[in-house]
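Comments concern the structure below.
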Amino acid sequence: MADLQLTGAEPAVATDGVWLACIECGETFPPFADVRYTCDDCDGLLEVRYADLPTWGDFREDRRGVWRYAAALPFEEGVSLPEGDTQLHDVPGLEAETGLERLRVKHEGMNPTGSFKDRGMTVGVRVAKEVGVDRLACASTGNTSAALAAYGARGNMETLVLLPAGKVAAGKVAQASLHGARILEVDGNFDTCLDIVQDLAARGEAYLLNSLNPFRLEGQKTIGLEILEQFRDEEGAYPDRVVLPVGNAGNTAALYKCFRELVRSGALPEEEVPALTGVQAEGSAPMVEAIEHGWDHTERWENVETKATAIRIGNPVNAPKALPGIRATGGTAVAVSDDAIQTAQRDLAEEGVGVEPASAASIAGLRTLRQRGVVTADERVVCLTTGHLLKDPDAAVEAGSEPEPVPGDTEGVLAHLQG
Ligand code: F0G
C-alpha cells in the first residue's frame with residue numbers, strides 16, 4: 001500500500017492531537033483556527049491528521065452509528081440526527097448470479113436523509129460551529145444539499161445550496177427545500193456550481209461543506225469502519241473488495257483513509273485491505289479514464305450526461321486522494337451504461353433493496369468486472385449503495401412497472417386480474 005504519510009511528530013499547530021496537512025507538500029495547519037480548504041502554499045488537498053490512531057478496542061460500545069467511532073474523529077460528538085449504523089443486506093439472487101463467494105450490500109440509503117452524506121455532515125457541521133461561521137454552503141447533485149439542509153437546520157445555521165438547474169432528482173430538491181435551505185438553481189452543471197461555491201467560500205461568504213472540506217471525509221470514513229466490523233462479525237474475515245459509485249471521489253478517498261489509518265494503528269493487516277473499486281457512468285467517467293491511462297490526475301470532462309444524476313460530475317475534486325487509493329489497494333475503476341444501471345436498480349429492488357440509480361452503478365460495475373474476469377469467483381465483495389430509491393421517484397417509476405387502471409368495484413378488479 002502506498003505510504004502516504006498519515007501521522008508524524010505532532011506539529012505545533014495541532015489542537016488536541018488534530019491538525020491539517022497538505023497531501024502534496026506536507027505543510028501543516030491548525031485544524032480550526034482559520035477557515036481553509038486547500039493548502040496555502042501549493043493549493044493541494046488537505047487531510048485531517050491525528051497524533052493517535054485508534055484500533056478496534058478504542059471504539060465506544062455504548063454508542064451506535066458515526067459517533068461510535070469518535071476515537072477516529074476530531075470530536076467526541078457532533079450535530080447528530082443520528083446517522084450511520086446502516087446494515088449489510090443479503091442479496092441471494094445477485095450473489096448466485098455473480099457466482100461470488102459472498103456478496104453483501106451496504107445500504108447507505110438508510111441514513112436519516114437517505115444518503116451517506118449524513119455521515120460527513122454530522123462532522124462537518126460540528127466543525128462549522130467550532131470555526132464559528134454562520135452560513136453553510138455546498139454545490140450538489142442533490143444528496144449533499146439534502147444533508148446540508150437537514151444538518152444545518154439541526155444546528156440552527158443558515159444554508160445555501162447551488163444545484164445544476166433541471167438535473168437534480170425531485171426528492172432531493174424537496175428535502176433541501178423543506179429543511180429550509182436557500183436553493184440557487186445554476187445555469188450550468190455540478191462542476192460549475194462547485195467552481196462558484198468555492199469562489200464564494202474564498203470570499204468569506206459561506207463555509208463550504210462539499211467533500212473538498214477534509215472534515216466531511218472524516219465522517220464518511222465510518223462507512224469503512226462499519227463494513228469491516230460487520231463483515232468480520234458475520235463472515236470471520238474482512239471483505240476482499242468494496243465496490244462503490246464514484247462522482248467527486250470523496251467516498252473513495254474517505255474509505256482509503258479509513259483503511260490506511262487502520263493499517264497504521266495495527267488494527268488491519270495490510271494484506272487484508274479491501275480492493276477499492278470505483279464505478280462511474282459512461283457519460284461521466286473521468287476517474288475511469290485516469291485509471292485506464294495511469295494518470296495521477298483527472299482531465300475535466302466539460303459535457304457529462306447520465307440518468308444517474310447523483311454522479312453526473314466531470315471534475316472529481318478528490319481525484320488526487322482517490323486515485324492512489326484505488327491503485328494502492330489493488331482496485332480498479334469501470335464505466336457502465338445507463339441501461340446497465342437501470343437493470344441493476346430493478347434487480348436490487350427485486351431483492352427488496354430500493355436504491356437510486358447512482359447507487360445501482362455499484363452492482364452494474366461488479367457485473368461488468370465479473371464478466372471481464374477482473375473480479376474472481378472466490379472473492380467476498382461488499383457493494384455500496386449510496387442513496388435511497390425515493391430520492392429519485394421519476395427514475396424509479398421509469399424502471400418499474402406501469403400502474404394498471406381498474407374499475408372501483410371488487411368484481412371489476414377480479415375480472416381485470418383474471419383477464
Ligand atoms: N452516490 C450518490 C447517491 C451520490 O449522491 C454521490 C455524490 C455519489 C454516489 C458519489 O460520491 O462524490 O463521494 O464520489 N453526490 C454528491 C452530491 C456529489 O452533491 O450529492 P462521491
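Looking only at region 162-178, count every residue that is within 14 Å of the ligand (Cβ to nearest atom), open to solvent by 20 Å² or more (accessible area, probe 1.4 Å) and in a loop (DSSP other than H, G, I, E, B) and tell me the total.
2
I'm trying to understand the selection: among the residues of region 313-333, which are within 9 Å of the ligand (Cβ to nearest atom) and of a type in the set (D, E, K, R)?
Listed by number, the list is empty, since nothing qualifies.
So which pairs qualify, if the first residue must be in region 193-216 and farther than 15 Å from Gly250 by Cβ, the second must be open to solvent by 10 Å² or more (accessible area, probe 1.4 Å) and of a type in the set (Lys, Arg), the Cβ gap must be under 8 Å, and the two must be at least 6 apart or on different chains?
Short answer, once both residue conditions are applied: Glu205/Arg135; Ala206/Arg135; Tyr207/Arg135.
Before we move on, is Val133 more than 18 Å from the chain's Cα centre (by Cα) and within 14 Å of the ligand (Cβ to nearest atom)?
Values: more than 18 Å from the chain's Cα centre (by Cα): yes; within 14 Å of the ligand (Cβ to nearest atom): no.
Taking the combined requirement at face value, the residue does not satisfy it.
Please indicate, with yes or no, whether at least one residue in region 320-328 is at pLDDT 95 or above and over 30 Å from Glu47 (Cβ atoms). Let's see the steps before the verdict.
Pass one, region 320-328, residues at pLDDT 95 or above: 320-328.
In the following step, the residues that additionally are over 30 Å from Glu47 (Cβ atoms) were identified as none.
Taking every residue of region 320-328 in turn, none turns out to be at pLDDT 95 or above and over 30 Å from Glu47 (Cβ atoms).
Give me a count of the residues in region 125-138 that are buried (at least 21 other Cβ atoms within 10 Å of the Cβ), of a type in the set (Gly, Ala, Ser) and outside any helix (DSSP H, G or I).
Taking region 125-138 and keeping what is buried (at least 21 other Cβ atoms within 10 Å of the Cβ), we get 125-128, 136-138.
From the residues that got through so far, the ones that are of a type in the set (Gly, Ala, Ser) too are 128, 137.
Still in the running and outside any helix (DSSP H, G or I): 137.
Within region 125-138, residues that are buried (at least 21 other Cβ atoms within 10 Å of the Cβ), of a type in the set (Gly, Ala, Ser) and outside any helix (DSSP H, G or I) number 1.
Identify the residue in region 336-364 that is touching a Gly at 6+ places or on another chain (Cβ under 8 Å) and within 15 Å of the ligand (Cβ to nearest atom) and, among all such residues, is most open to solvent (accessible area, probe 1.4 Å).
Here is the first cut: in region 336-364, the residues touching a Gly at 6+ places or on another chain (Cβ under 8 Å) are 336, 338, 346-351, 354-356, 358-359.
Filter again for within 15 Å of the ligand (Cβ to nearest atom), leaving 336, 338, 348, 354-356, 358-359.
Details: Val336: 3, Asp338: 51, Leu348: 0, Gly354: 16, Val355: 1, Glu356: 5, Ala358: 2, Ser359: 0 Å².
That would be Asp338.
Just wondering, is there one or more residues in region 388-396 that are open to solvent by 70 Å² or more (accessible area, probe 1.4 Å), of a type outside the set (Ser, Thr, Tyr), out of contact with any Pro (no Cβ under 7 Å at 6 or more places or on another chain) and at pLDDT below 95? Quick ask: steps written out before the conclusion?
Step one: of region 388-396, the residues open to solvent by 70 Å² or more (accessible area, probe 1.4 Å) are 390, 394.
Next cut, of a type outside the set (Ser, Thr, Tyr) only: 390, 394.
Narrowing further to those that are out of contact with any Pro (no Cβ under 7 Å at 6 or more places or on another chain): 390, 394.
Now narrow it down to the ones that are at pLDDT below 95: none.
Within region 388-396, not a single residue is open to solvent by 70 Å² or more (accessible area, probe 1.4 Å), of a type outside the set (Ser, Thr, Tyr), out of contact with any Pro (no Cβ under 7 Å at 6 or more places or on another chain) and at pLDDT below 95.
Any idea which of (1) touching a Phe, Trp or Tyr at 6+ places or on another chain (Cβ under 7 Å); (2) open to solvent by 50 Å² or more (accessible area, probe 1.4 Å) is the one Gly325 doesn't satisfy?
Against the list (1) touching a Phe, Trp or Tyr at 6+ places or on another chain (Cβ under 7 Å); (2) open to solvent by 50 Å² or more (accessible area, probe 1.4 Å), Gly325 comes up short only on (2).
Kindly establish whether Arg372 is away from the ligand (no atom under 11 Å from the Cβ), over 26 Å from Gln220 (Cα atoms) and of a type in the set (Lys, Arg). Break it down into steps so the answer makes sense when it comes.
Values: away from the ligand (no atom under 11 Å from the Cβ): yes; over 26 Å from Gln220 (Cα atoms): yes; of a type in the set (Lys, Arg): yes.
Yes.
Pick from region 139-156 the residues that are open to solvent by 10 Å² or more (accessible area, probe 1.4 Å) and over 15 Å from the mean Cα position of the chain (by Cα): which of them is farthest from the ligand (Cβ to nearest atom)?
Asn156
What number of residues within region 377-393 satisfy the criterion of being of a type in the set (D, E, K, R) and more than 15 Å from the ligand (Cβ to nearest atom)?
Looking only at region 377-393, we keep the residues that are of a type in the set (D, E, K, R), and these are 378-380, 391-392.
From the residues that got through so far, the ones that are more than 15 Å from the ligand (Cβ to nearest atom) too are 378-380.
Count: 3.
Take the residues in region 370-387 that are of a type outside the set (Lys, Arg) and loosely packed, with under 13 Cβ neighbours inside 10 Å; name whichever of them is farthest from Lys167 (Cα to Cα). Can you show your working first?
Initially, region 370-387 is screened for residues of a type outside the set (Lys, Arg), giving 371, 373-379, 381-387.
If we keep only those that are loosely packed, with under 13 Cβ neighbours inside 10 Å as well, we get 371, 373, 377-378.
Values: Gln371: 32, Gly373: 35, Ala377: 38, Asp378: 39 Å.
Top of the filtered list is Asp378.
The values are calculated or read from the model by the stated rules, or taken from the named source; none is laboratory data. Keep in mind that what you see is a predicted model, and the values were worked out from it rather than measured. In this analysis, Cβ positions are derived from the backbone assuming ideal geometry, glycine residues included, and neighbour counts consider all displayed protein chains. For accessibility, only protein heavy atoms count, side chains too; no ligands or nucleic acids. Shrake-Rupley method; radii C 1.70, N 1.55, O 1.52, S 1.80 Å.
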